[in-house]
Amino acid sequence: MLDGLSFELLMAIVASMAPVLCFGLIMVFTRRSISASVTVGIIGSFLSWFASLYLFLHYFHAEEAVVFKGAWVVSASLKIPFGYYFDPHSLLMLMIVATISLVIQIYSIGYMAGDPGKSRYYAFLCLFSWSMINLVIAPGLLQLYIFWELVGVSSYLLIGFYFEKWSASEAGKKAFVMTRAGDIGFFIGIIILMLTTGHLSIAVFGNAAEVGNTGLSQALLTLSAILIFSGAVGKSAQFPLLTWLPDAMEGPTPVSALLHSATMVAAGVYLVSRIFPFYAASSTAMMVVLIIGTITMLLSSTMAMTARDIKQVWAFSTISQLGFMFMGLGAGAYFAGVFHLTTHAFFKALLFLCAGVFIHHFETNDFFEMSKAGARKMLIPMITVTIGVAALSGIPPFSGFFSKEAIMAGLAHKGNIWLIAGLLGAAMTAYYSFRVIFVMWFPKGEVEEHGHGHEGGHDDGHGGGRWAWVTEWSMLSVLLILGAITLVLGFFQKELEHFLTGHSAEHHGSQLILVLALGCALAGVILAWFEFGAKNAKQEGFLSRMKSVEALFSNRWYMDHAYRKLLDYVVYGGITNTFTRNDRVIIDGGIDGLCRFTVSLGRAVSRIQSGLLQYNLYLTFLVVALMGLYFLLV
Amino acid sequence: MADFYEIVRQWPLLSGIQVVTALGLLVIMFIPEDRPEVIKKVAAVFSGLDLIICILLFLAYDKEIGGLQFVEKFLWVKTLGIHYFNAVDGINLPMLLLTGIVLFTGCLTMWQLENRVKEYFAFSFLLVLGVFGVFMSFDLFFLFVYYDIALFPMYPLIAIWGSTRKEYGAMKLTLYLLAGSALILPGIILLYIKSGLWTFDLIALSGAQFTPYIQSIGFLLFYFGFGVLAGVWPFHTWSPVGHVAAPTSVSMIHAGVLMKLGAYGVLRVGAFLCPEGWVQWADLMAVLAVVGIVYGAFVGLAQTDLKYVIGYSSVSHMGIVGLGLSTVTVSGLNGAVFQMFAHGIMTALLFSSVGYIYDKTHTKTTFELGGMSRNMPIISGFFILAAMAGVGVPALASFWAELLVFISAVKVFPIRGILAICGLLVSALFMLRVVMKTFYGPANPKFAGLPDVNFWLASPRIILAGVIVLFGLFPWLMLNLIQVSTQSFPKVMGF
Amino acid sequence: MNELQVYLFVALILFCLGLTGVLQRRSLIAMLISVELMLNAASLNFMAFNRFLTPEPAVGQIVTLFIIGTAAAEAAIGLSIILAVFRRYQSIDIERARELKG
Amino acid sequence: MEPLMAVIIPTLPELIKFEWVAQAAFYFIIGVTLAGAVSAVFLRRIIHNILGLIVALFGVAGLFIYLNSEFLALMQILIYVGAICISIVFAIMLSDPMYKEDPRRRLTKVFASVLVSLLILAGFLSMITKTPFEAAAQRSDDWTVTTVGNLLLTRYALVFELISFVLVVAIIGAIVIAGQGRKQRSLK
C-alpha cells in the first residue's frame, strides 16, 4: 500500500498509529485493569509524541512538503488515498496535538484518580489522539474529513463520559449532531470539489500557485469554499452552531482542555488555514469567514461576561478566540491566525487544566465558591492560571500578546471597522478573564476554610497515601510545563513565521495598533479590578445593573431556546409526526384496507358455495354443455 | 498459498455450500427433539462449515481474472432450457460471505433458545438454503425457486417464535413478499418468451436483444417485485413490523440478508437483463430512494421500541443502496453492493445486541430501559458500535459505502444527492437519541443484577463487530472485489 | 345398422341417463350406480372406436379393461366413503352433507 | 358376417336370414340395455336400481360381443356384475337403515338435471353426426384373447401394473376409510 518503507515513514506510522493500537489494546484486553490501561495509554502517547518530535526536527529544514501516499479506496476513476503530508503547517500542528495529548494523559492520572471508568477514558483519549493526528497530517481533504468525523465521535464519547448524567449524554448528542450539521456542508463541499477537479489533494489546494490551475469556476470555488467552511463552523463552534461547546463542558475537565479548547475545536481553524490559498482565491468566501468570525467573537465574549462557572467562562472564551482566529484568517493574515492557534492551544489548555485542579479540589465549578473556599492558597495553580489569563488577555510578555497583536495588524489592514470589533473583543476578553482572576485572588465576605483543603485531593487518590504525590504532581507538573511554554512561546514569533511561510516579514503592526490593543486590554483589566479586585468592590459586574441585557447574555442570546423550539416544532412535531402518521394511516391503513377488502370480498363470494355437491356438479356440467354447444354450433 | 487457491478453484464449492446446508437441515431433522443442546451444536457446526466455505471462496476468487468463477453449469431440463448454473462474481461473493457470517452468528446468538429448538433451526437452515441459492444461481428458474424457498420459512419463524403482534407481522410480511414475487414471475416469463432463446440462463438471456419497451416493462416488474423485499419506499411498512415481531436471529437474517436479496435481485436480474429500462427508470428509483432515506430517518425519530428504530433505520439504509443502484455508475454500484454488505453486518449486530437485552429484561422500549451501559457495558458497547456504523462514522464499513453512493449520486442527481446527504443528519439524530435513552442516563435499578454477556455469548457479536471494523479500516479488501464485476456491467458509466 | 354411429348413440344415451341420475338422485348409493352407468358408456365408446377405426384391435380392449378395474376401485372407495358419511350423518342423503357451505 | 355369431346363436332354418336374426338380437340388446339403465336411474327403490344396473351391464356385455370381444364381455359380467354390483348389494344389506331410507325427489332438481342431460345429449349428438369418422388405412384383424394377453404383459405392462397398483391402493383406502369411522364410533 505505502511504497517503500523508509525510517521516516516508519516514524510517521508510529506517530499516527500508536494511539489506535493502544485504543484497541485497552478496549480488548486491559479494560478491567485500570493501571495497565493507563500505562498502555501513556506509553502509546509518548511513542506518538516522540515520533512526532523526530519528524518535526527531521523535516524542520525540508525544502518542500514530504508526502507518503497509498491507495485506500479505488473505485473507477475515484481514488481516495491514505497517507501522510508533512509540511511546516502540519508538522507544527502535529507537534501541538501530540504534546498536548501527552501532557493531558499525564494530567489525567491525577484528575481521574479513583474513577472506575478510567480504562474507558484512556481508550477514548487514545482514539481521539489517533483521529486528530491523522487529521492533521492528512494529504487529502477526504482523509481529513474522515478523521474529522472520527474526532467528532471521540468527542461525543468523551463528553458523554459520565453517561449516567442526563446532561452529559444530552451534551454529547448535541455536540455530535450540531457538528454533524456543519459537516454535511463540508461533505457536500468536498464532493463538489472532487467532482469538478477530480482530486482533493491538499498539496494543490494548499498551494497558491496551483489553486488557479484546477479549472474551478469562481462561483463553484466560492460555493465549495463556503460549504467547507460550514464544517469548520460546526467543529469550531462558530456563530450559528456555537451552543454545543459550552454544554460540552459536561465532560471531564482534561477532555475540555484537550478537545474543546486546544485541539479539536481548533481543527476548524486548521482546516481553513490548511487550504488557505484556496480561500484566498475567493474574496466572498474570505468575507464570510471574517464576518462569521467577528460575530462569534463578540457574541461569545458577551456570554462569558455573565458566566459563574469557571469552565463556562473558558468555553466562551475559547469560542471567542476561535472567532478571533477566523477573523485573522478572513482578513488574510494567514500567519497571524495560525500563530494565535498555536499560542491559544497552550494557554487555553493551561487555563482548563488549572480550572481542573480547582474543580478536583473544591468539587464545585463556581469560581465564587472556590474563592470563598480558599483557592488563593493553592499557589502553583493560582500562579499558572494568572499566567494563562494574562496570555489570553494579551498582556505582554505572554504569548497571547504577540499573536493577538499580529491579528490586530491584519485586521487593521483589512479595514477599520474590523479593527474596532477586534479591539472591543480584546477589551471584553480582558474584562471577563480578569474578573475570574480577581475574584479568585481576592475573596470577599467571610472565607470559609474548605474542610478537606489539600488533603481532599489525597483522599481521592486510588492508591492511598503512598501514591498521593503521583496524583498531585501529575497535575501540577503539567501546569508548570504549559505555563513555561506560554511564557516563552511568544518570543519565537520570528522563527515560527520563517518556518511556516518561508520568510520572516518585517514587523507588520504599527506602533499605534500596539498601543491601542494594549490600551483596550488594560481598560478591561482596570474595569475588572474596580468591580472585582479592589478592596471595597462588590464583585458585581456592571451588567447586573442592566437586567435584560444580562439575561440575554446569560441565556446565550436565546440561541438554545431557538434550536429547541425548532427541533420540537419542526422536526419532532412537524415532519416526524406527519411521516409517522402517514406510515400508520395512509400506507399501512391502505394495505390493511386492501386486505380487509379482499377478506370481505372472499366472504361475499363464498356464499355461492352452498355445500351441495350436486349443485356444484350441475353447474359444472351446465357450463360444459353450453361451451360444447357454443363450439359446435357457432 | 497461491497454489492452494489454484487447487481450491477446481472444487465445486458452491454446490458444497448447498450440500452442507441441506445436510445440516437433514441432520437436525433426525436429531430427537428432546436434545436441544445437540441440535444447537450441530447447527453451529454446519453453519460454521458454510462460513468457512464462504471465506474460502472470498479468498480464492481471482480478482485479476474477474468474471464468473467457480462455475458449475449443466443443462437440467432441455426442453425448457433450465440450467443448473452456479457461479460467483464480485457482486454475489460479498453477499455469500454476508450470508455465511450472519447465519453463523445467528446460530450462536440463539444459543439460549428453549422453545421448539429443532423446528427453529430446521426452518432457519431452510431459509438460508434459499438465500444461498438465490445469491449463487445464474439461472432465472433456480433463482426464482430459491427465492420462494427463502420467503416461505419466514412465516412460521415469526408466527411461532416471535413477539409483539407476531401473527400480524408474519402475515403482513408474507403477503408483501409474495406480492413482490407475483411481479417477478411475470417479469421472468416476459423475458423468457421475448428473448426467443428458450433458456433461463441469465448470461445467455443478457445477450438477447430486447426492445426498449420490453426492457422498460421488465425492469419495472423486477424493480417493484424485488424492491418490496429491499424495503423500497412506499413498500417498506412490512419491514419494521416484521423485524419487531421476529425472534432475534431471524431479525438478523431477515434484515441482514433477506433485504439484500431484494436489492441483489434488482441489480442482478433487473439491471443486468434490462439495462435500458434501468437507465430509463433511474430517475424514479432515485426519487424513491431519497424519500426512503429521509423518510425512514424521520419516522425512526418517533419510535420508542428499539426494534422499530432499527427497522426504520434499515429502510433508511436500504434507501442508500437504492440510490447507489439508481446512479448507473461504477462507483454508485460499488457503493450499493458494499452498503448491502455493510448494512447486513451492522443490522445483524444491532439486532443481536437488542435480542440479548430483550432476553434479559423482557422489554425493548427505550423509556423502560435506560442506563444500560452501567448494567451491561459490553452488550451496550456492541450496540453503540453498530449504531455508530449506522450513523456513518468513518473507519466503520458503511461509511465507505455511503461515501461512494453519495459522491456518484451528487454527480448524477445533484439535488437528490444533497437531500440524501442531509438525511444523514436526521439519521445521526435518531440513532444517538436511541443510544442516549437506552444506554445512557441513570441506570434502571430494576435491571441491576442482570448478567452481561459472557465470552461465549459475546463471540457472535465480536465477529460482527470485527467485520465492521475490518472492512471499515481496509475497505479495499471488499471494494477491489466488487469493482471487478461492476465495471463490466452493461450501461454503467465509468465513474 | 351395425355401424359406429349406432354404438356411439347408445353410449351417449347411457351417459346422459347416468348424468341425470347423478344430478338428481339424493341417495349416495343411487348416485354411485349412475356413475357406473356413465363409466360403461365410456367403455362402450372405446370399444366402438376400437372396432371400427383403430389400426390395432388390442388398444381399446385394454383401455376398457383399465376402466373396469378403475370402476372396481372406485366402487370400493365410494362404498367405504358412503359408509363413513352414513356413520357421520346417520343418513346417506347427499343434501345433508353440507359442511363445505361457505 | 362374423363367424362368431354362429357359436352363440344355434342353427336356424334357411327361411329366416341369419343377418336378420342377428340384427333383431342387436336391437333387442340395445333395448334391454337402455331399459335397464332407465330403471337404474328412475326407479325409487335402491334394490330396483341395482337390478336395473345389472340388466344394463348385461346389455353392454352383449354389445361387447357384437364388437368382437367376448373376452371383455366376460370380464364385464365377471367384474361388474359379479363383484361391483354384489358389493353394493352387500353394502346395503349389511347396514339396513341405509337401504330403508328413501328420500323424496325434488321436482326442480329432476327438471334441471334432465335439462342439462338433454343439452349434453344435443351437443354430443350433433358432434357424432357432424364428425366424419375415417377408419385407419391399415387395420389388423387379430382379435384373439391370446394377443390381448400377450400385449397386456409386454407392451402394455405399465397399464397392467398401474391397474394392479390402483386396486391395491383402493382396497387399502377402503379399509382405512371404513375402518377409521368405526374406530371413531367405538371410541364414542
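The values are calculated or read from the model by the stated rules, or taken from the named source; none is laboratory data. Please read these numbers as outputs of a predicted model, since none were measured by experiment. We place every Cβ from the backbone using ideal geometry, glycine too, and count neighbours over all the protein chains shown.
Going by the conditions given, is residue A:616 more than 14 Å from chain C (Cβ to nearest Cβ), assigned to a helix (DSSP H, G or I) and polar (S, T, N, Q)? Before the answer, list the steps.
Numbers: more than 14 Å from chain C (Cβ to nearest Cβ): no; assigned to a helix (DSSP H, G or I): yes; polar (S, T, N, Q): yes.
Here the answer is no, as residue A:616 does not meet what is asked.
The number of residues in the stretch B:348-383 being modelled with pLDDT of 90 or more and under 21 Å from residue A:165 (Cβ atoms) comes to 1.
Conditions (1) in a helix (DSSP H, G or I); (2) at the interface with another protein chain (Cβ under 7 Å from one of its Cβ atoms); (3) of a type in the set (Ser, Thr, Tyr), marked per residue:
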| position | (1), (2), (3) |
| --- | --- |
| C:11 | yes, no, no |
| C:23 | yes, yes, no |
| C:30 | yes, yes, no |
| C:35 | yes, no, no |
| C:43 | yes, no, yes |
| C:51 | yes, yes, no |
| C:60 | yes, no, no |
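Of all residues in the stretch B:436-491 being closer than 30 Å to residue B:204 by Cα and more than 9 Å from every other protein chain (Cβ to nearest Cβ), which is surrounded by the most Cβ atoms within 10 Å (Cβ to Cβ)? Walk me through how you get there before you give the answer.
So the first thing to find is which residues in the stretch B:436-491 are closer than 30 Å to residue B:204 by Cα, and the list is B:478-491.
Still in the running and more than 9 Å from every other protein chain (Cβ to nearest Cβ): B:478, B:481, B:484-485, B:488-491.
Working: B:478: 25, B:481: 23, B:484: 21, B:485: 20, B:488: 13, B:489: 18, B:490: 14, B:491: 14.
Only one residue tops the list, namely B:478.
No other residue among B:168, B:192, B:223 is touching a helix residue (DSSP H, G or I) at 6+ places or on another chain (Cβ under 9 Å) and surrounded by 22 or more Cβ atoms within 10 Å (Cβ to Cβ) apart from B:223.
Of the numbered criteria (1) modelled with pLDDT of 85 or more; (2) closer than 21 Å to residue A:477 by Cα, the one residue A:376 fails is (1).
How many residues does the stretch A:596-613 hold that are assigned to a helix (DSSP H, G or I) and either surrounded by 15 or more Cβ atoms within 10 Å (Cβ to Cβ) or in contact with a helix residue (DSSP H, G or I) (Cβ under 7 Å, 6 or more places away or on another chain) (or both)? Counting residues in the stretch A:596-613 that are assigned to a helix (DSSP H, G or I) and either surrounded by 15 or more Cβ atoms within 10 Å (Cβ to Cβ) or in contact with a helix residue (DSSP H, G or I) (Cβ under 7 Å, 6 or more places away or on another chain) (or both) gives 1.
Filtering the stretch D:100-151 to residues that are at pLDDT below 80 and not in a loop (DSSP other than H, G, I, E, B) leaves only D:100. Of the residues in the stretch A:152-159, at least one is touching a residue at least 12 places away in the same chain (Cβ under 8 Å), more than 10 Å from every other protein chain (Cβ to nearest Cβ) and among the β-branched types (Val, Ile, Thr).
Against the test of being farther than 30 Å from residue A:198 by Cα and either in contact (Cβ under 8 Å) with a residue 40 or more places away in the chain or among the aliphatic types (A, V, I, L, M) (or both), the options A:57, A:92, A:5, A:10 yield a single qualifying residue, A:57.
Yes or no, residue by residue, for (1) part of a helix (DSSP H, G or I); (2) touching a residue at least 12 places away in the same chain (Cβ under 8 Å); (3) surrounded by 23 or more Cβ atoms within 10 Å (Cβ to Cβ):
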residue	(1), (2), (3)
B:340	yes, yes, yes
B:348	yes, yes, yes
B:353	yes, yes, yes
B:394	no, yes, yes
B:401	yes, yes, yes
B:407	yes, yes, yes
B:411	yes, yes, no
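The rows are residues; the columns are (1) among the aromatic types (Phe, Trp, Tyr); (2) within 24 Å of residue B:162 (Cβ to Cβ); (3) in a loop (DSSP other than H, G, I, E, B); (4) without any contact (Cβ under 8 Å) to a residue 24 or more places away in the chain.
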{"residue": "B:231", "(1), (2), (3), (4)": "no, yes, yes, no"}
{"residue": "B:244", "(1), (2), (3), (4)": "no, yes, no, no"}
{"residue": "B:253", "(1), (2), (3), (4)": "no, yes, no, no"}
{"residue": "B:259", "(1), (2), (3), (4)": "no, yes, no, no"}
{"residue": "B:264", "(1), (2), (3), (4)": "yes, no, no, no"}
{"residue": "B:267", "(1), (2), (3), (4)": "no, no, no, no"}
{"residue": "B:272", "(1), (2), (3), (4)": "yes, no, no, no"}
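Could you go through the stretch B:289-305 and let me know if any residue there is more than 14 Å from chain A (Cβ to nearest Cβ), under 15 Å from the mean Cα position of the chain (by Cα) and part of a helix (DSSP H, G or I). For the stretch B:289-305, residues more than 14 Å from chain A (Cβ to nearest Cβ), under 15 Å from the mean Cα position of the chain (by Cα) and part of a helix (DSSP H, G or I): absent.
Does residue C:82 fit the bill of being within 14 Å of chain A (Cβ to nearest Cβ), touching a strand residue (DSSP E or B) at 6+ places or on another chain (Cβ under 9 Å) and crowded, with 19+ Cβ neighbours inside 10 Å?
Taking the combined requirement at face value, the residue does not satisfy it.
Checking C:53, C:65 one by one, the residue that is more than 22 Å from residue D:166 (Cα to Cα) and without any contact (Cβ under 8 Å) to a residue 60 or more places away in the chain is C:53 and no other. Among the residues examined, residue A:306 qualifies as more than 17 Å from the chain's Cα centre (by Cα), touching a residue at least 12 places away in the same chain (Cβ under 8 Å) and over 15 Å from residue A:269 (Cβ atoms).
Check whether at least one residue in the stretch A:315-330 is of a type outside the set (Val, Ile, Thr), in contact (Cβ under 8 Å) with a residue 60 or more places away in the chain and farther than 30 Å from residue A:275 by Cβ, and report yes or no. The answer is no; no qualifying residue exists.
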